[in-house]
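S.K.: What follows is a structure written as C-alpha cells; I'll ask about it next.
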Amino acid sequence: MAREQIQVLNALDVAKTQWYHFTAIIIAGMGFFTDAYDLFCISLVTKLLGRIYYHVDGAAKPGTLPPNVSAAVNGVAFCGTLSGQLFFGWLGDKMGRKKVYGMTLMLMVICSIGSGLSFGHSAKSVIATLCFFRFWLGFGIGGDYPLSATIMSEYSNKKTRGAFIAAVFAMQGFGILAGGIFAIIISVAFKERFDAPPYELDPAGSTVPQADYIWRIIVMVGALPAALTYYWRMKMPETARYTALVAKNTKQAAADMSKVLQVEIQAEPQKEEQKANSYGLFSKDFLSRHGLHLLGTASTWFLLDIAFYSQNLFQKDIFSAIGWIPPAKTMNAVEEVYRIARAQTLIALCSTVPGYWFTVALIDKIGRFAIQLMGFFFMTVFMFALAIPYDHWTHKDNRIGFVVIYSLTFFFANFGPNATTFVVPAEIFPARFRSTCHGISSASGKLGAIVGAFGFLYLAQNKDKSKADAGYPAGIGVKNALIVLGVVNILGFFFTFLVPEANGKSLEEMSGENDEDVGTQEESEQSHSQNNNRTVPYV
C-alpha cells in the first residue's frame, strides 16, 4: 500500500506548462551557458599561450605548451569540477538547493575574472595563476551540475520534465557557440589593428605583444552571464520537494508553490514519517533499491565523457590534420586563434547545438532510454567510420566527408547520452539523495573527461616520435585513438541497460518514495521493483 502523494507535489506534477517553467530554464540554463563557455574556451587559446610564453628562438615551428603544462591547463578545471560536483551535490541535500545555488555562481564570477589575471610576467607565474583560478572555477561549475538538474526536475511537471531538464543542459551548446563567436570577433579586431607577418617570415614579429590581451579577454568574459543571473537565482524559492520531503515543512512548500503556480494550494498536516523512510545513502536498503541505477548513471556518464571531451580537446589537431587549419608556421598568432575559433564554431553550429535541441524536442516522446541507446550506437558507427579508413579522409578531396561524419558523432552525442546522462540522475533517486547521487554520477563523468583530457593528449600522438608534437612521446596515432573511442562507446551502449526509464512518471514514483509505507519491507521492495526497475519504456 503506497503513500498518497502530497498535494503540493501532485499540483507540480500535473501543472500546465507556464511562464515560471521557462524562467527556471533560463535561470538554470545561464549557469550551463557559462559552464560550457568557461570549460571549452581554453581549447581556443592553448596554441596562443604556447606562442607567447614558450617561444624558442630559431625553432622551425611556433612555441607550444610542454606536455605537462598542456595537460594541466586543459585538465585542471575538470579536477575542480569533479570536486565541486561531489561537494555541492552533497551540500545541496544537506542545506537545500537554493542556499547553495548562489555560492556556485559567485565562485564562477570571481574565478572567471581571476583566470585572466597574472601574478608576475614569467611563463611559470602566468600558467600557475591560470591553473589556480581555473581549478576553483571548475569547483563552482561542478556545483551547477547537480543543483541545476535537481532544481529543474523538482520544479517540472511529469509530462514535460525531460524536455525542461534537457533544455537547461542544452544551453551548453549556446555557451560553446558563444565562446567561438566571441573569439572570432576579438581575433578579427586585433588582426585588423595589429597586423603581423606569418611565423616562417618573422618568428618573433608573428606574435604581437598585444596578443597577450586576447586570451585574457576571452577567459574573463565568461564572468558576465553568470553575474547577470545571480539576482534571479536568489529570487527563486526553495523547491517544494526539498521543503516537503527533506525539510518536512509541507506548509512552507504549499505557500511557495502557491506563489509560483499562482493557484491556491492547501497545506496538509505533516504525517509522521515511516521507519522505511530512514535508510541512508549506501545503506543495504539503498543499494538494493538504487545500487544498480547509480552504477548505470555513473558508468554511462564516465564512458560518454571519455569520448566526448577527448574529441573536443584534440579537435583542433584533427582540423590541422585534414587541412582546415593550415600549418602553424604559415600563420601569425592572431590568425591561428581565428582559424581554430572558426572551425569550432562551425562544428557547434552544424552539429552540437542541433543535437541538444533534438533531445529537448523528443525526450518526452520516445524516452530517455531509447535516445541514449541510439546515441551510443551511432557514435560507435561514426567513430569507426572515421577510424578504419582514416588515411582516406586525410586526402584533400575527402575533407568535407570527414567533417560531415565528425559532425555526426557530435550530433548523436548531444542527441543521445550527453543529454540523457544529465537528465536521468535527477529523476530516479529519492529527494533526500537526489542532488548527491547526481553529483556522484556527474563526477564520474568528469573522471572520464580527465581520462580524455590527459590520456588522449598522449594517446593521439603520431606513432613516429619525430612527427609527434614537441615534448610528447610517440602515441598510437589519431586512427587508433578513434578506434579506442569507438570501443568506449560500445561499452556505454551496454551499460545503458542498467538505467531505468523515467518517462511520464512522477519523481516519487521513480524513486520509490511513495512505496516507503506501512507495509512490510518485503512488500515495499516488491512494490518498488514493480514500479521502478523497468528499464525499457512502456509499450
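The values are calculated or read from the model by the stated rules, or taken from the named source; none is laboratory data. Just so we're clear, the structure is a prediction, and the values are computed from it rather than from any experiment. Counting neighbours? That spans all protein chains shown, and the Cβs are built from the backbone with ideal geometry, glycine included. Just the protein is used for accessible areas: all its heavy atoms, side chains included, with ligands, DNA and RNA removed. Shrake-Rupley method; radii C 1.70, N 1.55, O 1.52, S 1.80 Å.
S.K.: Suppose we keep only residues that are under 16 Å from residue 43 (Cβ atoms) and among the hydrophobic types (A, V, I, L, M, F, W, C) within region 336-374. Which one would you say is most open to solvent (accessible area, probe 1.4 Å)?
M.R.: Here the residue is 346.
S.K.: Restricting to region 177-233, what's the tally of residues that are modelled with pLDDT of 90 or more, over 24 Å from residue 61 (Cα atoms) and of a type in the set (Phe, Trp, Tyr)?
M.R.: Of the residues in region 177-233, 1 are modelled with pLDDT of 90 or more, over 24 Å from residue 61 (Cα atoms) and of a type in the set (Phe, Trp, Tyr).
S.K.: Let me ask you something else. Restricting attention to region 472-507, which residues are among the polar types (S, T, N, Q) and within 21 Å of residue 303 (Cα to Cα)?
M.R.: 480, 489, 496 - these are the residues of region 472-507 that are among the polar types (S, T, N, Q) and within 21 Å of residue 303 (Cα to Cα).
S.K.: A further question on this structure: Among the residues that make up region 12-26, is at least one of them farther than 25 Å from residue 301 by Cα and buried (at least 22 other Cβ atoms within 10 Å of the Cβ)?
M.R.: Yes.
S.K.: Considering only region 192-204, state which residues are free of Cβ contacts under 8 Å to residues at least 12 places away in the same chain and surrounded by 12 or more Cβ atoms within 10 Å (Cβ to Cβ).
M.R.: Result: 201, 202.
S.K.: Only one of 130, 91 is over 20 Å from residue 171 (Cβ atoms), crowded, with 24+ Cβ neighbours inside 10 Å, more than 19 Å from the chain's Cα centre (by Cα) and of a type outside the set (Ser, Thr, Tyr); which?
M.R.: Matching residue, one of 130, 91: 130.
S.K.: If you scan region 236-265, which residues turn out to be of a type in the set (S, T, N, Q) and either part of a loop (DSSP other than H, G, I, E, B) or modelled with pLDDT of 85 or more (or both)?
M.R.: Listed by number, the residues that qualify are 239, 243, 249, 250, 252, 262.
S.K.: While we're looking at this one, here's another question. Taking region 112-122 only, how many residues are modelled with pLDDT of 90 or more and open to solvent by 10 Å² or more (accessible area, probe 1.4 Å)?
M.R.: Counting residues in region 112-122 that are modelled with pLDDT of 90 or more and open to solvent by 10 Å² or more (accessible area, probe 1.4 Å) gives 1.
S.K.: Within region 320-335, can you find the residues that are modelled with pLDDT of 70 or more and either open to solvent by less than 50 Å² (accessible area, probe 1.4 Å) or of a type in the set (A, V, I, L, M, F, W, C) (or both)?
M.R.: Within region 320-335, 324, 325, 326, 328, 331, 332, 333, 334, 335 meet the criteria.
S.K.: It is to be established whether one or more residues within region 422-439 are among the β-branched types (Val, Ile, Thr), closer than 22 Å to residue 489 by Cα and free of Cβ contacts under 8 Å to residues at least 40 places away in the same chain.
M.R.: Looking through region 422-439, none of the residues is among the β-branched types (Val, Ile, Thr), closer than 22 Å to residue 489 by Cα and free of Cβ contacts under 8 Å to residues at least 40 places away in the same chain.
S.K.: Specify the residue that is nearest to residue 170 (Cα to Cα); the eligible residues are those in region 386-404 that are of a type in the set (A, V, I, L, M) and open to solvent by less than 30 Å² (accessible area, probe 1.4 Å).
M.R.: Filtering first and then ranking leaves 403.
S.K.: If you don't mind, there's one more thing I want to ask. Out of 163, 189, 211, 178, I need the residue that is open to solvent by 10 Å² or more (accessible area, probe 1.4 Å), over 30 Å from residue 149 (Cβ atoms) and aliphatic (A, V, I, L, M). Which one?
M.R.: 189
S.K.: Can you confirm whether residue 354 is in contact with a helix residue (DSSP H, G or I) (Cβ under 7 Å, 6 or more places away or on another chain), in a helix (DSSP H, G or I) and within 30 Å of residue 92 (Cβ to Cβ)?
M.R.: No.
S.K.: Within region 408-453, work out how many residues are open to solvent by 10 Å² or more (accessible area, probe 1.4 Å) and either more than 17 Å from the chain's Cα centre (by Cα) or of a type outside the set (A, V, I, L, M, F, W, C) (or both).
M.R.: 5
S.K.: Residue 491 versus (1) open to solvent by 10 Å² or more (accessible area, probe 1.4 Å); (2) at pLDDT below 90: which is the lone unmet condition?
M.R.: Going through the list (1) open to solvent by 10 Å² or more (accessible area, probe 1.4 Å); (2) at pLDDT below 90, residue 491 breaks only (2).
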